[in-house]
Amino acid sequence: MKVESVELRQLRIPLASPFETSGWREEEKTCIIVGLRSGPLAGFGECAVSRGPWYSYETTHSAWHIMEEYIVPSVLGREFKTPGELLDVLSSIRGHNMAKAAFEMAFWDLVARERGVSLSKMLGGASSQVVSGVSVGIQESVGKLVDMVEKFLDRGYRRIKVKIKPGLDVKLVAALREEFPDTPLMVDANAAYRSEDMERLVKLDQFELLMIEQPFAWDDLVDHASLQKVIRTPVCLDESVAGLSDLKAALALESCRVLNIKPARVGGLTVARMMHDVCLSHRIAVWCGGLLETGVGRAHNVALASLPGFVMPNDISASDRWFKEDIVEPGFVLNPDGTINVPTGPGIGVEVLEDRLDKYTREKKRFKA
Ligand code: MG
């Protein structure tokens, strides 16, 4: 398929409530939506960047720059048979996975629409629902956190993840565990701990957590391996695995027993699916994480999470967890059994609403072949 035109839109959408992690706080959702057109068809991808270099070094500005200067000239007017072919053309750009992923995912959507199949089917998805967990940010008090967790459990979410940081960990988890003795619980530190904090993390081993996600530095594999050696709880990596080489190193070092796969972090669905396959053959459990995606990125994540190795609950919640108003229709809703349906229509299976896009667009640029 030939990429006849590209549209970039930088969006800002108010969040239903602010989201705070160990290192940053977000009041609004920022992203770049990439639209690729070929004949009458359009495919969409989401670059899930923040305003600043917090979760990743990429930002809305850096991603826009990389897209405009390097990605658009590489793909515009060119013909690609598969998303993998498009990704090959971008291989001369080092890093900047989120910027590349948005194009790669938009192309998956385009190809699936041309073939008239759902993205899930095209990826090899096996399930018609994905299990939904929820991620709860840092709250002012333990009481407030308990209330929020209760609310999400009442709605049907199947697993609770809470954000932790040094000083807001052992007591917090103890309180939660006391309140919710049987709930599948996990913690995510977003790289807030150092080697010296090892003992503090070992104390979390007593709470029967599903996993401890990314306690150490965003580029560390060695400290994670040291921790995994001394605790029963699985260590899960997120930020530290940006590609297949990182995964290979993590497996060699035994740095984790679980991997959080985010297509945005790893450069798109092609690599995400490869990681899924590698993990499956190494008996590493996987699940799909989130970056507060709009319905566009959420649809891609749902399709990925329909692959057979995604056996743990995903950070794929209903659209209303984050937004009063999404940019797609239908939005994603939580079923009473704590799952989310995998769309069956062509491509990502949801329609991107032009008027909503316009409403939240801060900057827009169009390129024609
Ligand atoms: Mg994480």
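The values are calculated or read from the model by the stated rules, or taken from the named source; none is laboratory data. All of these numbers come straight from a predicted model, not from anything done at the bench. Glycine also receives a Cβ, built like all others from the backbone with ideal geometry; neighbour counts cover every protein chain displayed. What goes into the accessible areas is simple: the full protein's heavy atoms, side chains included, and nothing from ligands, DNA or RNA. Shrake-Rupley method; radii C 1.70, N 1.55, O 1.52, S 1.80 Å.
Miscellaneous remarks
- For segment 260-369, the helices (runs of 4 or more DSSP H) that sit wholly inside it and include 1 or more residues that are surrounded by 23 or more Cβ atoms within 10 Å (Cβ to Cβ) are 263-266, 269-281, 295-305.
- In the set VAL333, VAL311, only one residue is away from the ligand (no atom under 16 Å from the Cβ), in the same structural domain as GLN129 (by TED's automatic domain parsing) and modelled with pLDDT of 95 or more; that residue is VAL333.
- Of the residues contained in segment 250-259, one or more are found to be surrounded by 24 or more Cβ atoms within 10 Å (Cβ to Cβ), under 25 Å from LYS163 (Cα atoms) and among the small types (Gly, Ala, Ser).
- Within segment 1-42, being free of Cβ contacts under 8 Å to residues at least 60 places away in the same chain, within 19 Å of PRO53 (Cα to Cα) and either of a type in the set (Asp, Glu) or in a loop (DSSP other than H, G, I, E, B) (or both) holds for TRP24, GLU27, GLU28.
- Residue check for LEU237: over 25 Å from LYS100 (Cα atoms) and crowded, with 21+ Cβ neighbours inside 10 Å: no
- The sole residue among VAL34, VAL72, VAL134 that is open to solvent by less than 20 Å² (accessible area, probe 1.4 Å), within 16 Å of the ligand (Cβ to nearest atom) and touching a Phe, Trp or Tyr at 6+ places or on another chain (Cβ under 7 Å) is VAL134.
- Qualifying residue in segment 178-192 (condition: open to solvent by 30 Å² or more (accessible area, probe 1.4 Å), touching a Leu at 6+ places or on another chain (Cβ under 8 Å), free of Cβ contacts under 8 Å to residues at least 60 places away in the same chain and not polar (S, T, N, Q)): no
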